[in-house]
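Chemist: Structure in structure tokens, see below.
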Amino acid sequence: MRKPGPAEVGEEFTRREWLLILGRLTAIAGFSGVVPQLAIASAGTRATRNIALPPGLYYPSTDHLSHALGDLGSMHTIPRNSETEYVKPASGVFRPQFFSDEEFEIVTRVTQILLGNVEGGALAQSAQWIDLYLHSASSVREAALKLDPLHRALAVAYYGQSAVRELETSAPETVVRLGIAALQELSKQQYEQGFLGIDRSQQNKLVSMMSAAQPDSPLRKLFEITRSEAVRGYYTTSEGLKDLDYKGNWYYAVCPGCETGV
């Protein structure tokens with residue numbers, strides 16, 4: 001790994017990257033000190049792995065990235081004790097970690113309405129991201145609250161006070177649960193059935209009502225969280241990246257579109 005240069009420090013990380021970094025470190029080692037001791041102990045016996053790195057902002061090794069990103073069209077056999085996080089093929093039927101089956105079906109349908117006509121696989125991955133985001137929310141919040149004071153000061157300097165404070169205080173999992181209950185109640189008031197029991201045009205109307213609800217109401221908060229995370233989830237799927245015409249980290253021997261001089 002390496003520290004970013006001065007020019008790179010100015011580049012803004014997305015909140016999702018910050019969430020994933022915190023969540024991953026929490027799962028591995030927690031934030032009990034300047035250097036997570038469990039991470040050092042589990043890193044292996046090689047001498048270089050036992051050397052503590054100084055506190056700072058680090059990017060992953062480009063060697064590791066090249067292994068993880070290379071040949072994305074196929075799955076790799078994961079080497080034992082590998083430091084690289086390989087993509088693992090899904091096996092079996094997806095089971096939500098945060099939602100009940102009914103709640104997950106409701107959120108998937110709302111996500112489908114918000115995203116429009118998208119491929120089924122991309123829709124499923126977007127809904128699964130929302131489930132993972134909410135499942136991880138309490139652990140991320142706990143990790144943020146346990147940051148070493150020096151690490152917190154660094155995070156505030158890098159991400160801003162408001163972003164760090166939001167991680168420490170927001171509880172999207174509670175907001176979404178309250179919002180789903182409010183949506184079910186609204187559906188029964190309007191159509192005498194729960195959200196999944198009404199037809200698609202009626203569901204579309206309820207989602208429109210959610211978007212127009214009072215800003216501090218459970219319905220409006222459910223709409224905003226689902227919308228933002230559905231969009232975030234979709235644009236990290238292969239279909240979403242194609243919509244963005246994202247090419248990934250490509251290497252060009254000559255800058256595309258530039259003619260070399262003769």
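Chemist: Checking the structure you have, find out if any residue of the stretch 152-166 is polar (S, T, N, Q), open to solvent by 20 Å² or more (accessible area, probe 1.4 Å) and either modelled with pLDDT under 95 or in contact with a helix residue (DSSP H, G or I) (Cβ under 6 Å, 6 or more places away or on another chain) (or both). Spell out the reasoning first.
Modeler: Initially, the stretch 152-166 is screened for residues polar (S, T, N, Q), giving 161-162.
Still in the list and also open to solvent by 20 Å² or more (accessible area, probe 1.4 Å): 161-162.
Going one step further and asking which of them are either modelled with pLDDT under 95 or in contact with a helix residue (DSSP H, G or I) (Cβ under 6 Å, 6 or more places away or on another chain) (or both), we end up with 161-162.
Yes, because at least one residue in the stretch 152-166 is polar (S, T, N, Q), open to solvent by 20 Å² or more (accessible area, probe 1.4 Å) and either modelled with pLDDT under 95 or in contact with a helix residue (DSSP H, G or I) (Cβ under 6 Å, 6 or more places away or on another chain) (or both).
Chemist: Just the residues that are free of Cβ contacts under 8 Å to residues at least 12 places away in the same chain and basic (Lys, Arg), please, taken from the stretch 94-115. Spell out how you get there, then give the answer.
Modeler: Taking the stretch 94-115 first, the residues free of Cβ contacts under 8 Å to residues at least 12 places away in the same chain are 95, 100-101, 112.
If the condition is that a residue be free of Cβ contacts under 8 Å to residues at least 12 places away in the same chain and basic (Lys, Arg), then 95 is the only one that fits.
Listed here are the residues, each with its yes/no results for (1) free of Cβ contacts under 8 Å to residues at least 12 places away in the same chain; (2) within 20 Å of the chain's Cα centre (by Cα); (3) not in a loop (DSSP other than H, G, I, E, B).
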site: 152; (1), (2), (3): no, no, yes
site: 157; (1), (2), (3): yes, no, yes
site: 162; (1), (2), (3): yes, yes, yes
site: 165; (1), (2), (3): yes, yes, yes
site: 173; (1), (2), (3): no, yes, yes
site: 176; (1), (2), (3): no, yes, yes
site: 181; (1), (2), (3): no, no, yes
site: 188; (1), (2), (3): yes, no, yes
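Chemist: Return the total of residues in the stretch 99-114 being touching a Gly at 6+ places or on another chain (Cβ under 9 Å) and either outside any helix (DSSP H, G or I) or acidic (Asp, Glu) (or both).
Modeler: 1
Chemist: Tell me yes or no: at least one residue of the stretch 122-142 is among the charged types (D, E, K, R) and exposed (fewer than 14 other Cβ atoms within 10 Å of the Cβ).
Modeler: Within the stretch 122-142 (the criterion being among the charged types (D, E, K, R) and exposed (fewer than 14 other Cβ atoms within 10 Å of the Cβ)), the answer is no, since none of the residues qualifies.
Chemist: When you check residue 196 against the structure, is it open to solvent by less than 30 Å² (accessible area, probe 1.4 Å) and under 26 Å from residue 94 (Cβ atoms), yes or no?
Modeler: no
Chemist: Filter the stretch 116-131 for residues that are of a type outside the set (A, V, I, L, M, F, W, C) and assigned to a helix (DSSP H, G or I); which is nearest to residue 228 (Cα to Cα)?
Modeler: Taking the candidates together, the pick is 126.
Chemist: Is it the case that some residue within the stretch 226-237 is without any contact (Cβ under 8 Å) to a residue 12 or more places away in the chain, surrounded by fewer than 17 Cβ atoms within 10 Å (Cβ to Cβ) and over 20 Å from residue 115 (Cα atoms)? Can you show your working first?
Modeler: Step one: list which residues in the stretch 226-237 are without any contact (Cβ under 8 Å) to a residue 12 or more places away in the chain, which gives 228, 235.
Still in the list and also surrounded by fewer than 17 Cβ atoms within 10 Å (Cβ to Cβ): 228, 235.
Still in the list and also over 20 Å from residue 115 (Cα atoms): none.
The answer is no, given that none of the residues of the stretch 226-237 is without any contact (Cβ under 8 Å) to a residue 12 or more places away in the chain, surrounded by fewer than 17 Cβ atoms within 10 Å (Cβ to Cβ) and over 20 Å from residue 115 (Cα atoms).
Chemist: Name the single residue, out of those in the stretch 105-121 being hydrophobic (A, V, I, L, M, F, W, C), closer than 18 Å to residue 177 by Cβ and over 17 Å from the mean Cα position of the chain (by Cα), that is surrounded by the most Cβ atoms within 10 Å (Cβ to Cβ).
Modeler: 110
Chemist: Consider the stretch 209-223. How many of its residues are under 24 Å from the mean Cα position of the chain (by Cα), surrounded by 15 or more Cβ atoms within 10 Å (Cβ to Cβ) and not basic (Lys, Arg)?
Modeler: 5
Chemist: Which is open to solvent by less than 70 Å² (accessible area, probe 1.4 Å), part of a helix (DSSP H, G or I), free of Cβ contacts under 8 Å to residues at least 40 places away in the same chain and touching a Leu at 6+ places or on another chain (Cβ under 9 Å), of 241, 206? Give the derivation first.
Modeler: On the way: 241 fails: touching a Leu at 6+ places or on another chain (Cβ under 9 Å).
Checking each option against the conditions leaves just 206.
The values are calculated or read from the model by the stated rules, or taken from the named source; none is laboratory data. The structure displayed is predicted, hence computed values, not measured ones. Cβ: placed from backbone, ideal geometry, glycine included. Neighbour counts: every protein chain shown. Ligands, DNA and RNA are excluded from the accessible area calculation, which covers all protein heavy atoms including side chains. Shrake-Rupley method; radii C 1.70, N 1.55, O 1.52, S 1.80 Å.
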